[in-house]
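What follows is a single structure, written as structure tokens, with notes after it.
The values are calculated or read from the model by the stated rules, or taken from the named source; none is laboratory data. Keep in mind that this is a model prediction, so the values were computed, not measured. Here Cβ is always computed from backbone atoms with ideal geometry, including for glycine, and neighbour counts include all displayed protein chains.
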């Protein structure tokens with residue numbers, strides 16, 4: 001039986017999972033929407049991965065989690081390692097592109113930039129405040145324009161004169177889009193302008209003050225939009241590399257970290273029928289009034305966090 005490793009990247013919009021072998025080759029992968037329920041999303045993800053998995057040949061011996069719900073999902077899956085997105089994305093990317101110096105990452109609701117030297121992260125920034133440079137922004141504008149978001153990129157490439165769309169924030173961009181449409185700008189020009197607005201917003205916010213050097217790798221769900229790729233190349237004057245698994249880099253990275261941890265906890269895929277619940281308890285033991293999050297499996301508490309003192313630790317177990 002060959003050893004393999006599971007990595008899960010769970011965010012507010014999408015949940016990604018990969019299983020890798022000893023040589024970091026992806027032997028199973030899945031991408032689906034979180035739909036506001038990280039636990040249910042992971043149950044669906046595990047079921048999908050199980051369909052691709054050869055249980056006669058491989059055994060998952062370690063699990064790693066990353067993303068905004070990494071601690072919760074790491075708890076219910078008994079993960080060997082729980083890591084932040086910066087580390088996971090850097091490890092995943094450098095496993096394929098050894099010389100990468102800049103990583104652009106744009107997801108559904110947030111974005112980040114990672115600067116590396118000799119494979120080591122030297123600087124980074126994240127943006128979680130403005131949605132104008134994210135996938136959810138493009139999805140909402142696609143709906144407004146009456147097209148599928150998958151059509152965005154190909155249509156943008158047909159534009160000869162991209163419309164200048166205000167990129168300061170979602171509200172300004174949306175009102176500007178409506179105005180430009182009303183005065184007669186072509187749809188393809190507006191779409192190309194929106195792609196450029198995403199890039200401008202990203203570079204002015206997340207990339208502000210960063211030393212952006214090639215090679216540049218672009219990842220996250222928005223990296224599948226060829227209109228945004230072209231806009232990045234036009235604005236930076238550099239070639240932008242997008243891997244076929246660009247949307248899975250965080251999951252790949254944390255799977256590699258799970259392997260490197262040497263902490264082995266054999267994993268089975270049978271979590272669909274297990275009842276996991278989370279509950280928030282406000283501790284009144286002191287003036288902090290901490291919210292303690294308790295996670296239970298089949299009505300038994302398996303972990304909790306949020307306390308800042310010993311009184312909170314007592315509350316966790318009551």
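Residue 274 fails exactly one of the following numbered conditions: (1) touching a strand residue (DSSP E or B) at 6+ places or on another chain (Cβ under 8 Å); (2) assigned to a helix (DSSP H, G or I); (3) surrounded by fewer than 19 Cβ atoms within 10 Å (Cβ to Cβ); (4) in contact (Cβ under 8 Å) with a residue 12 or more places away in the chain. What is the number of that condition?
Going through the list (1) touching a strand residue (DSSP E or B) at 6+ places or on another chain (Cβ under 8 Å); (2) assigned to a helix (DSSP H, G or I); (3) surrounded by fewer than 19 Cβ atoms within 10 Å (Cβ to Cβ); (4) in contact (Cβ under 8 Å) with a residue 12 or more places away in the chain, residue 274 breaks only (2).
Residue 7 is checked against (1) assigned to a loop (DSSP other than H, G, I, E, B); (2) within 16 Å of the chain's Cα centre (by Cα) and fails just one. What number does that condition carry?
(1)
Starting from residues that are part of a loop (DSSP other than H, G, I, E, B) and surrounded by fewer than 19 Cβ atoms within 10 Å (Cβ to Cβ), keep the ones in segment 158-184 and report whichever is modelled with the highest pLDDT.
158
For the list (1) free of Cβ contacts under 8 Å to residues at least 60 places away in the same chain; (2) over 20 Å from residue 244 (Cα atoms); (3) in contact with a strand residue (DSSP E or B) (Cβ under 6 Å, 6 or more places away or on another chain), I need the number of the one condition that residue 39 fails.
Against the list (1) free of Cβ contacts under 8 Å to residues at least 60 places away in the same chain; (2) over 20 Å from residue 244 (Cα atoms); (3) in contact with a strand residue (DSSP E or B) (Cβ under 6 Å, 6 or more places away or on another chain), residue 39 comes up short only on (1).
Filter segment 59-76 for residues that are out of contact with any helix residue (DSSP H, G or I) (no Cβ under 7 Å at 6 or more places or on another chain) and at pLDDT below 95; which is farthest from residue 127 (Cα to Cα)?
75
Pairs please, first residue from segment 293-316 and under 22 Å from residue 70 (Cβ atoms), second anywhere and surrounded by fewer than 17 Cβ atoms within 10 Å (Cβ to Cβ) and at pLDDT below 70, Cβ atoms under 7 Å, 6+ apart in sequence or on different chains.
Here the result reads 293/305; 307/313, each pair linking segment 293-316 to a residue that is surrounded by fewer than 17 Cβ atoms within 10 Å (Cβ to Cβ) and at pLDDT below 70.
Is there a residue in segment 240-248 that is closer than 19 Å to residue 13 by Cβ, more than 23 Å from the chain's Cα centre (by Cα) and surrounded by fewer than 23 Cβ atoms within 10 Å (Cβ to Cβ)?
No, that holds for no residue.
When you look at residue 253, is it in contact (Cβ under 8 Å) with a residue 40 or more places away in the chain, in contact with a helix residue (DSSP H, G or I) (Cβ under 8 Å, 6 or more places away or on another chain), closer than 30 Å to residue 296 by Cα and assigned to a helix (DSSP H, G or I), yes or no?
Yes, satisfied.
Can you go through 122, 75, 87 and tell me which one is farther than 30 Å from residue 298 by Cα, surrounded by fewer than 22 Cβ atoms within 10 Å (Cβ to Cβ) and outside the structural domain of residue 222 (by TED's automatic domain parsing)?
Selected residue: 87, the only one of 122, 75, 87 that is farther than 30 Å from residue 298 by Cα, surrounded by fewer than 22 Cβ atoms within 10 Å (Cβ to Cβ) and outside the structural domain of residue 222 (by TED's automatic domain parsing).
Can you pull out the residues in segment 62-72 that are in contact (Cβ under 8 Å) with a residue 60 or more places away in the chain and either surrounded by fewer than 23 Cβ atoms within 10 Å (Cβ to Cβ) or not in a helix (DSSP H, G or I) (or both)?
Listed by number, the residues that qualify are 62, 63, 64, 65, 66, 67, 71, 72.
Which of the residues belonging to segment 191-226 are part of a helix (DSSP H, G or I), under 16 Å from residue 153 (Cα atoms) and within 20 Å of the chain's Cα centre (by Cα)?
Selection gives 195, 198, 199, 221, 222, 223, 224, 226.
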